[in-house]
Amino acid sequence: MVKPLLQTVELTRRFGAFTAVDRVSFTLPAGARHALIGPNGAGKTTFVNLLSGVLAPSSGELHFEGHCITRTPMHLRARMGLSRTYQITSLFPRLTAREQIVFALLERDDLGWSWLSPYAKRRAQYEEAESLLQLVRLTEEGDIPVRSLPYGKQRLLEIALGLAIHPSLLILDEPAAGIPSDQSAELFEVIAGLSRETAILFIEHDMDIVFRFAERITVLVNGGVFCEGTPADIAADADVRRIYLGDAENV
Amino acid sequence: MKAALIVAGWIAAPVLYMALFPDSLVLASQILLMGLFALSLDLLVGYAGVASLGHAVFFGIGAYGAGLLAANGWGEPLSALVLTMLVAAIFALPVGLLVVRGGSLGRLMITLGIATLVSEAANRASGITGGADGLQGMDVWPLLGLFSYDLQGRTGFVYAWIVLTLGFLAVRSIVASPFGLSLQAIRENPVRAAALGTPVRARLTFAFVLSAALAGAAGAVMAQTTQVVALNSLGVHLSADVLVMLLIGGVGRLYGGLIGAAIFMVVHHWLSDLDPVYWQIWIGLILIGAALAAPDGILGAIEKLRSRKQVAW
Ligand SMILES: Nc1ncnc2c1ncn2[C@@H]1O[C@H](COP(=O)(O)OP(=O)(O)O)[C@@H](O)[C@H]1O
Ligand SMILES: [Mg+2]
């Protein structure tokens, strides 16, 4: 059997008496295109926070590329190739798009401690940053502080940053949240064009997009896995239709 | 071209100043050293985003370090400078590890607490530090064995200028390095920086140590050129003053600390001459006015004016 890229065992997170993520056992192979769906408050973002290390689990285990990373700090998970984006844009407001991509590339290349020569002379990272900016169509806006970029552009940069560290797993938490639907289609075209070296786990509410891009889907309800399957399985599942798809307006 | 002008300015300014104002070199040296002190704080506050109310601890360690060495037979100033910078850095390591664990308010409390502790310790240890009377009896040898400290303060002024210049070059290259970029990223968004692989606390601790070493250098040269060390050189009051200097000039801009220190010191000097009784009240009023009129400091206000002009054209 091929070792999974990511595996969780009974992963649980409680906030006081409330269980936000409830004994989730989940596996993801390398190169996957996997959607995580579920109503608002189902625990999707909390699950992503457990995977990326923003939160520590209350119980359960987490394995990445065969290593137990349940207690591994966030920055080391990133260095192992686990990358994520945020549902609420999380950028470096006063740095330019180019600067923050170069920063991410320098970290990936183990140069973050170098303190004697200027970063502006790092040709390799600047060239790679340029191609990432091209990928997300931000070359024109590459040199202004990102706090003055329109929100849609910030969402694109969010993904470019997540990609910059060459992750083997990229988790996208509602990448299209807060942008108009024509732009979200464009954004998912970019995502669809990404290399299979990167597995993608994404949270998305627009079911058209989910069915188009996902190869497998996990439905999370009340913190637990409700069901998992191919898009065809999920679309045909009467229970999912009842509790989730039929109710798609208020999620 | 622009770079050449800046270099020429850095060299010409002290020469011109010495020719024009030969009688106020002592105050000028103090301004330069407070400028270096404020610059060291800028690395921490302006670039790494770590506020401190106890930075004078490291200035004081530099001052007492150099003072104690000179009072106990080690009068050679340059080796004493390097040694005290090392001591400040070593002391800063555990302090930094502690400080960066806190949130922004926690950091203020921790640095404030440490400044209070250290200055009280220095007060109690009067057998070593001279306590409230200050440390006396320093014998600082001539600089490079050649230049002794004249009454006019020429040697001290040039010494301070050179140390400031070196410190400035160091900070400028640090903030332009990959490490410096990571500090700015941490300042902007520490959680995302960690999510991209940055060991946030370790980076901030290193920034803390570097900043402390520079503050120590400012303190050491201050002690060596004035040949006394007063207890207030490591307390909370000086920590607040240097933060104010930096805020007046503008944080995160390298020159802000230098400009702020010059304005702060000159205004202090001038007001305490003009109105020896009420001058502190005037200082308070000026600070409030400055905070309202130029919340991003003088350099921030200039930047704003410039961008407004560009729009108008
Ligand atoms: N830090 C927290 N403290 C307390 N409750 C939280 C916290 N984070 C999330 N929750 C709760 O956990 C539940 C799941 O939230 P979340 O993971 O954001 O859901 P989703 O992303 O699926 O919409 C919600 O009820 C939310 O209020
Ligand atoms: Mg969410």
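Summing +1 for each Lys or Arg and -1 for each Asp or Glu, what net charge is found among the other residues whose Cβ lies under 14 Å from the Cβ of B:A202?
Surrounding charge for B:A202 is +2.
Please report, to one decimal in angstroms, the Kirkwood hydrodynamic radius of chain B built from all distinct Cα-Cα pairs.
Computed over chain B, the radius equals 20.1 Å.
What percent of all Cα-Cα pairs in the stretch A:88-243 falls into each 5 Å bin, going from 0 up to the bin containing the maximum distance?
Percent of Cα pairs in each bin: 2, 8, 17, 18, 17, 13, 9, 7, 5, 2, 1, 0, 0.
Tell me the per residue accessible area of the stretch A:41-107 using a 1.4 Å probe; a whole number in Å² is fine.
Ligands and nucleic acids excluded, the figure is 32 Å² per residue.
Could you rank the peptides B:68-79, A:149-160 by their average count of other C-beta atoms within 10 Å per residue, with the highest value first?
Going by the mean number of other Cβ atoms within 10 Å, highest first, we get A:149-160, B:68-79.
How big is the dipole moment of the stretch B:21-312 about its Cα centre under a simple scheme where the beta carbon of each Lys and Arg is +1, that of each Asp and Glu is -1, and everything else is neutral? Debye, nearest 20, please.
Rounded to the nearest 20 debye, it is 1200 debye.
Measure off, as a whole percent, the carbon and sulfur share of the 1.4 Å-probe accessible area of chain B, all protein chains present.
So the carbon and sulfur contribution to the accessible surface is 72 percent.
Identify, among A:A17, A:S168, A:G43, the residue whose Cα sits farthest towards the positive end of the charge dipole of chain A, taking +1 on the Cβ of Lys and Arg and -1 on the Cβ of Asp and Glu, with the dipole about the Cα centre.
Farthest towards the positive pole: A:A17.
From the Cα trace of the protein assembly as shown, what convex hull volume per residue do you get, rounded to a whole Å³?
Normalising the Cα hull of the protein assembly as shown by residue number yields 199 Å³.
Which is farthest toward the positive dipole end of chain B among B:A28, B:H237, B:G256, measuring Cα position about the Cα centre, with Cβ charges +1 (Lys, Arg) and -1 (Asp, Glu)?
B:G256
Relative to the Cα centre, what is the charge dipole magnitude of the protein assembly as shown, using +1 at the beta carbon of each Lys and Arg, -1 at the beta carbon of each Asp and Glu, and rounding to the nearest 20 debye?
Using Cβ point charges on Lys, Arg, Asp and Glu, the protein assembly as shown gives about 320 debye.
Once A and B are treated as a pair rather than alone, how much accessible area drops out, both sides summed, in Å² to 100, probe 1.4 Å?
Summed over both sides, the interface buries about 2700 Å².
Work from the charge dipole of the protein assembly as shown (Cβ charges, +1 for Lys and Arg, -1 for Asp and Glu, about the Cα centre) and give the residue of A:G142, B:S148, A:H75 farthest towards its positive end.
Highest projection toward the positive end goes to B:S148.
Take the solvent-accessible surface of the protein heavy atoms, probe 1.4 Å, and return the percent of it on chain A that carbon and sulfur atoms account for.
Of the solvent-accessible surface of chain A, carbon and sulfur hold 51 percent.
Work out the length of the dipole vector of the stretch A:48-124 about its Cα centre, built from +1 on the beta-carbon of each Lys and Arg and -1 on the beta-carbon of each Asp and Glu, and round it to the nearest 20 debye.
Taking the Cα centre of the stretch A:48-124 as origin, the dipole is about 300 debye.
So which residues of the stretch A:100-115 lose at least 30 Å² of accessible area, probe 1.4 Å, when you go from the chain by itself to every protein chain present?
The answer is A:F103, A:E107, A:G112, A:W113, A:W115 - residues whose exposure falls by at least 30 Å² when every protein chain is included.
Identify all lysines with a Cα-Cα distance to A:K121 below 27 Å; exclude those on the same chain that are fewer than 8 residues away in sequence.
A:K153, B:K2
For the stretch B:175-313, report the accessible area per residue in Å² (1.4 Å probe, heavy atoms, rounded to an integer).
Computed with neighbouring chains in place, this is 44 Å² per residue.
Go through the stretch A:172-251 and name the trypsin sites (Lys or Arg not before Pro) that are in a DSSP coil and have 14 or fewer other Cβ atoms within 10 Å of their Cβ.
A:R196
Restricting to the protein assembly as shown, compute how many DSSP beta bridges are antiparallel as a %, nearest 5.
The answer is about 60 percent antiparallel.
The values are calculated or read from the model by the stated rules, or taken from the named source; none is laboratory data. Nothing here was measured: the structure is a model prediction, and the numbers come from that model. FYI the Cβ positions are ideal-geometry reconstructions off the backbone, even for glycines, and counts take in every protein chain you see. Areas reflect the complete protein model, heavy atoms only, side chains present, ligands, DNA and RNA absent. Shrake-Rupley method; radii C 1.70, N 1.55, O 1.52, S 1.80 Å.
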